[in-house]
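The values are calculated or read from the model by the stated rules, or taken from the named source; none is laboratory data. Not measured: the values here are computed from a predicted model. All Cβ positions, glycine included, derive from the backbone under ideal geometry; neighbour counts span all protein chains shown.
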Amino acid sequence: MPRRAGPRARKSIFDPVHGVLTFEGAPLELIGDPAFQRLWGIRQTGLAHLVFPGANHTRLEHSLGTYWVARTMAEALSLGRPEAQLVMAGGLLHDLGHPPLSHTLDGPMEEALGVSHEQRSRQIVLGSADPLASAEVAASEIPTILERHSLSPKIVADLIDPPSRGEKRPLLRSMLHGTIDADRIDYLQRDAYYTGVAHGAIDAIRLLDTIELASGRIAFAEKGRHAVEGFLVGRSLMYSTVYYHKTVRAAEVMAQAAVERLPGYPGTARELLAGADGDLFARLAREGGRPAEMARALRERHLYRRVHAWRSISHSALRRFRRLRDSPPARRAAERAVAERLGAVDGSVLLDLSGLVERDAERQDGLEIGVVVDGKITFPFASRGHWLARMLHPGAPWPVAVYAARRHESELRRLLVRDPDLFG
């Protein structure tokens, strides 16, 4: 059972990004809960450390940072204590549902569990998660802790995983799910710090110093516009430089493929997806066969090579690839068929459709960034021009790519030249 904090207990944590973080009350109790402590074992940026060796920071560190940014935002916006406590709890708990390797296994999680990581976080906060999924979740007292501090688990869950209808707290939601929100302000700085990539070094201090309420929504004072512009550039460059780096994607599609090729998948992946990174690799090693081979290749950094990337794509090919994106079994069948043509084992050829998913996602949120000029809220980034193009520019420079084990790279490249519709 997590140790209950005393009524006057206050703790400090030293953070390399934000400095000294202080915790008391509900947040102090929540960070000691087993479901939260599980996040120590999940790397924030998945397998990016194979390209950026310093990227070994965890979801727990990011969650602490998101709490702190949400707290700072609440103070800057002069929120009342009840609203501030809710958004702070939401920021702290927003990543509870992540599978091992963070976003790397989002696809298998939705296929095996039928939920996104946000929905899984909701389940944990509400106490409705499958108790057989992991010992950490089964021992969690998060709903009890929230209620003990007069915080509604339902409201906190709605901030983490907003309902599609009937939203009652749009301001609090935007603090965690807006264009410039507590989550992004933390992860862009944190990921830039640990990867050593300067692109994400946004001016968070200026952003938080110039944030204000205008017409009931978050906006920024005119003097903070340059910080907003820096944020938009940093976000775009971090996606293209780090999150969609071709070698990072090679490692991530390999990890996904290893999980998808477990005997009895997707049912056999349920327990695995509730664990941490170390649990994942231990299970794959025990399984033997293709999953163990791919896990060993990841540990030893024998990564697949990108053979081809479709930077421009016909409408017919786009429809075919979207069908594969929407049907993981069909995608695996296509990968298997091409591997067979090469005389290779299943899993030797892998499609990366993440750029296609990202391009199809809603990308209009940045158009509503408000800047207060002469007392009136304006939307300078909504008009056509450089900033609109920057916000709508996809993070991945290609919609579809194909990776292969190195011994099959040349042969697959020749096959693609002879048959451009190989995956059709």
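Within the stretch 408-424, if we keep just the residues that are free of Cβ contacts under 8 Å to residues at least 24 places away in the same chain and not polar (S, T, N, Q), the residue that is surrounded by the fewest Cβ atoms within 10 Å (Cβ to Cβ) turns out to be Arg418. It is to be established whether one or more residues within the stretch 197-214 are out of contact with any strand residue (DSSP E or B) (no Cβ under 8 Å at 6 or more places or on another chain), closer than 20 Å to Glu83 by Cβ, part of a helix (DSSP H, G or I) and not polar (S, T, N, Q). Checked against the condition, which is being out of contact with any strand residue (DSSP E or B) (no Cβ under 8 Å at 6 or more places or on another chain), closer than 20 Å to Glu83 by Cβ, part of a helix (DSSP H, G or I) and not polar (S, T, N, Q), the stretch 197-214 yields at least one hit. Looking only at the stretch 295-304, decide whether some residue is surrounded by fewer than 19 Cβ atoms within 10 Å (Cβ to Cβ), touching a Lys or Arg at 6+ places or on another chain (Cβ under 7 Å) and modelled with pLDDT of 95 or more. Scanning the stretch 295-304 turns up no residue that is surrounded by fewer than 19 Cβ atoms within 10 Å (Cβ to Cβ), touching a Lys or Arg at 6+ places or on another chain (Cβ under 7 Å) and modelled with pLDDT of 95 or more. Listed by first and then second residue, the pairs with beta-carbon distance under 7 Å, at least 6 apart or on different chains, first residue in the stretch 232-255 and in contact (Cβ under 8 Å) with a residue 40 or more places away in the chain and buried (at least 18 other Cβ atoms within 10 Å of the Cβ), second part of a helix (DSSP H, G or I) and among the aromatic types (Phe, Trp, Tyr), are Leu232/Trp387. Taking the criterion of being surrounded by fewer than 21 Cβ atoms within 10 Å (Cβ to Cβ) and without any contact (Cβ under 8 Å) to a residue 60 or more places away in the chain, the residues of the stretch 208-226 that qualify are Gly216, Lys223, His226.
When Ile185 is tested against the conditions (1) over 22 Å from Leu50 (Cβ atoms); (2) over 16 Å from the mean Cα position of the chain (by Cα), the lone failure is (2). Counting only helices (runs of 4 or more DSSP H) that sit completely within the stretch 1-115, zero hold 2 or more residues that are basic (Lys, Arg) and farther than 29 Å from Ala258 by Cβ.
Selection of the stretch 85-119 for residues being at positive phi and in contact (Cβ under 8 Å) with a residue 12 or more places away in the chain yields Leu101, Ser102. Of the residues in the stretch 290-308, none is of a type in the set (Phe, Trp, Tyr), part of a helix (DSSP H, G or I), out of contact with any His (no Cβ under 6 Å at 6 or more places or on another chain) and in contact (Cβ under 8 Å) with a residue 12 or more places away in the chain.
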